[in-house]
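Enquirer: To start, I am sharing the structure in question, which I have written as structure tokens.
The values are calculated or read from the model by the stated rules, or taken from the named source; none is laboratory data. Quantities reported herein were computed from a predicted structural model and do not represent experimental measurements. A quick note on method: Cβ atoms are made from the backbone with ideal geometry, for glycine too, and the neighbour counts reach across all protein chains shown. Only protein heavy atoms, including side chains, enter the accessible area calculation; ligands, DNA and RNA are left aside. Shrake-Rupley method; radii C 1.70, N 1.55, O 1.52, S 1.80 Å.
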Amino acid sequence: MKKRLPLKVSVSGVRGVVGESLTPQIAARFASAFGTYLGPGQVLVGQDTRPSGNMLKKAVISGLLATGCQPVEVGILPIPTILFLTREKQARGAVVVTASHNPPEWNGLKFIGPEGLYLSRSRVEEFLDIFHQGEFTFVAAERIKTPGQEKNAGQHHLNKILSRLKVRTIRNRRLRVVADCANGAGATLLPQLLRELGCEAMFINTDLGGDFAHQSEPVPENLKELCCRVREFGADLGLAQDADADRLALVDERGRPLGEDLTLALAVSYLLGQKRGPVAVNLSASMAIDDLAARHRVPVIRTRIGEINVVEAMLERGAVIGGEGNGGVIWPEIHPCRDSLAATGLVLEMLASRREKLSTAAAEFKKYHLLKDKMDCPAELAFRAVVELRHRYQSENISTLDGLKISWSDSWVHIRPSNTEPIIRLLAESRSPLRSRRLIENFKKEIKVIIRKLP
Ligand code: MG
């Protein structure tokens, strides 16, 4: 019999295979728990393009109505747009039916709190307690609201982005762009943004019917068609979003994928030239960020992995830019969340105002080689192995904020048990691809030996 994959519950929400671990009953229960946690008020309900989205959205709306909340459907929209709207409309929160970059048979729920921020770890724990205990505050029939709808909700988000960009400078450059929306929610707004910025744009994978033309993680192996189209179209650059449009990867004018971590480096490089201030990134982001911050004499705040951790640090320290090395750029002037649309605006403004090619802008960051890998390992062993490694490397320059990061003068390695899967993630960065690979392989070997010796 086929093994059923369990529901994944983490700080970043709930994910499962539809019809197996993710059913309408489960979705309604989570929505009732969330409604109980938030209390009565407006809650936005959005979705990505997956075919199961409508079914789960209806279950979410029922669960919210039952607890006296007023759900407002905003339809298929990028997740940063829904975060933005939650704050703009001063809603109590939002639920988004999405499984980000997972395959189409998966779906999930993301929970957004007041102010349009993801729930912090302690808030998630409080909300999950309500879910597990099943103590929902169901209201009587006369207190059940009528669900509302909001059409063209994305326009507010676009207006905000356009209000912060040098629109005329960008329009005058008439940049040629090819964009791959990965059949995701980004296709609802990116065409309009590029039109407003005067780009000559060509789009691929904009159909919202729920069929993904390729896996939606914007990593080089998934961007082959985009790279070809950039060359054919003679484009200045290629843009690739993931299915919920919080991440952005770039392809240069020669049709070469730059790698997701360069999106953040380019955004930080450009923004610090406009405005000085702290930068916040997670522990796994490239050393290029430290170089840029040193050049502009501003501090870098390193946080645990997880978007909300970066966002909280940014708000606390007044960071002017931040994000994650997976193509997640956070420009707090728009809204403190990873946003592929805001990132697109920044990159286009950089190319237009510096009047340089994307390959030239990216060249200075090509000296670093960031490698990402993983190894299978049951969660409990993974945690014990990392504890042992911390002990062994305690005299080195280490951070134990999240797993173990060891830094040397021109390289680092970050080893971290995954919160959602039985794997250990390993990242290494150095000035040569060979050395980064060697760092990863050596630590994999060491971890295997440690695990073998564990009592
Ligand atoms: Mg995403």
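Enquirer: Please quote Rg/Rh for region 71-139 to two decimal places, taking the Kirkwood radius as Rh and restricting both calculations to Cα atoms.
Expert: On the way: Rg = 13.2 Å, Rh = 13.4 Å.
Using only Cα positions, Rg/Rh for region 71-139 is 0.99.
Enquirer: Still on this structure, please answer the following. Students often check this: by mean Cβ neighbours within 10 Å, which of 407-414, 63-70 ranks highest, and how do the rest follow?
Expert: Answer by packing, highest mean first, reads 63-70, 407-414.
Enquirer: Return a whole-number percent for the relative contact order of the chain, with Cα pairs under 8 Å and 6 or more residues apart as the contact set. List each step's numbers first, then the result.
Expert: Details: 994 pairs, mean separation 53.2, N = 455.
About 12 percent, as a whole number.
Enquirer: Over the alpha-carbon set of region 274-413, divide Rg by the Kirkwood Rh and report the Rg/Rh ratio to two decimals. Walk me through the numbers on the way to the answer.
Expert: Details: Rg = 16.8 Å, Rh = 16.8 Å.
With Rg and the Kirkwood Rh in hand, the quotient comes to 1.00.
Enquirer: Considering only Cα-Cα distances, which of the following residue pairs are longer than 27 Å: Lys57/Lys374; Lys224/Lys366; Lys110/Lys374; Lys57/Lys224; Lys58/Lys151; Lys374/Lys453?
Expert: Numbers: Lys57/Lys374 33 Å; Lys224/Lys366 20 Å; Lys110/Lys374 25 Å; Lys57/Lys224 33 Å; Lys58/Lys151 17 Å; Lys374/Lys453 21 Å.
Checking Cα-Cα distances, Lys57/Lys374; Lys57/Lys224 exceed 27 Å.
Enquirer: Then there is this: Roughly how big is region 369-453's charge dipole about its Cα centre, with Cβ charges of +1 (Lys, Arg) and -1 (Asp, Glu), in debye to the nearest 20?
Expert: 240
Enquirer: Here is a further query. Highest first, please rank the peptides 288-294, 213-219, 366-372 by the mean number of other Cβ atoms sitting within 10 Å of their residues. Can you show the working numbers first?
Expert: Values: 288-294: 19.3, 213-219: 21.0, 366-372: 17.3.
The packing order, highest mean first, is 213-219, 288-294, 366-372.
Enquirer: OK, next. If you average 1/r across every pair of different Cα atoms in region 8-149 and take the reciprocal, what Kirkwood value do you get, in Å?
Expert: Numbers: mean 1/r = 0.0687 Å⁻¹.
When all Cα pairs of region 8-149 are included, the Kirkwood radius is 14.6 Å.
Enquirer: Of the accessible area of region 8-149, with the probe set at 1.4 angstrom, what percent is carbon plus sulfur? Write down the numbers at each step before the final one.
Expert: Numbers: 2700 of 5410 Å².
C and S atoms contribute 50 percent here.
Enquirer: Quick one: net charge around Lys405, please, counting Lys, Arg +1 and Asp, Glu -1 for every other residue with C-beta under 9 Å from its C-beta.
Expert: On the way: positive: Arg302, Arg416; negative: Asp402.
Counting the neighbours of Lys405, the net charge comes to +1.
Enquirer: In Å, the Kirkwood hydrodynamic radius of the chain over pairs of distinct alpha carbons?
Expert: So the Kirkwood estimate lands at 22.7 Å.
Enquirer: Find the Rg to Rh ratio for region 369-453, where Rh is the Kirkwood radius over alpha-carbon pairs and Rg uses the same atoms. Don't jump to the answer; show the numbers that get you there.
Expert: Numbers: Rg = 12.0 Å, Rh = 12.8 Å.
Ratio of gyration radius to Kirkwood radius: 0.94.
Enquirer: How many percent of all Cα-Cα pairs in region 85-216 sit more than 26 Å apart? Show your work: numbers first, answer last.
Expert: Details: 3834 of 8646 pairs.
Beyond 26 Å sits 44 percent of the P(r) for region 85-216.
Enquirer: Could you sort the peptides 425-436, 166-177 by per-residue average Cβ neighbour count (10 Å cutoff), highest mean leading? Mind showing how you got there, number by number?
Expert: Details: 425-436: 18.2, 166-177: 16.2.
Final packing ranking: 425-436, 166-177.
Enquirer: Taking the solvent-accessible surface of protein heavy atoms with a 1.4 Å probe, what is the per residue accessible area of region 247-319 in Å²?
Expert: Values: 2540 Å² over 73 residues.
Result: 35 Å² per residue.
Enquirer: If you take the Cα Rg of region 175-362 and divide it by 2.2 N^0.38 Å, with N the number of residues, what do you get? All intermediate terms of the calculation are to be shown ahead of the outcome.
Expert: Working: Rg = 15.5 Å, N = 188, 2.2 N^0.38 = 16.1 Å.
The value comes to 0.97.
Enquirer: Here is a follow-up. Taking region 81-188, which chymotrypsin sites (Phe, Trp or Tyr not before Pro) meet the DSSP loop condition and have no more than 14 other C-beta atoms within 10 Å?
Expert: Working: sites: Phe84, Trp106, Phe111, Tyr118, Phe127, Phe131, Phe136, Phe138; in loops: Phe136, Phe138.
Counting only loop positions with at most 14 other Cβ atoms within 10 Å, the chymotrypsin sites (Phe, Trp or Tyr not before Pro) in region 81-188 are Phe138.
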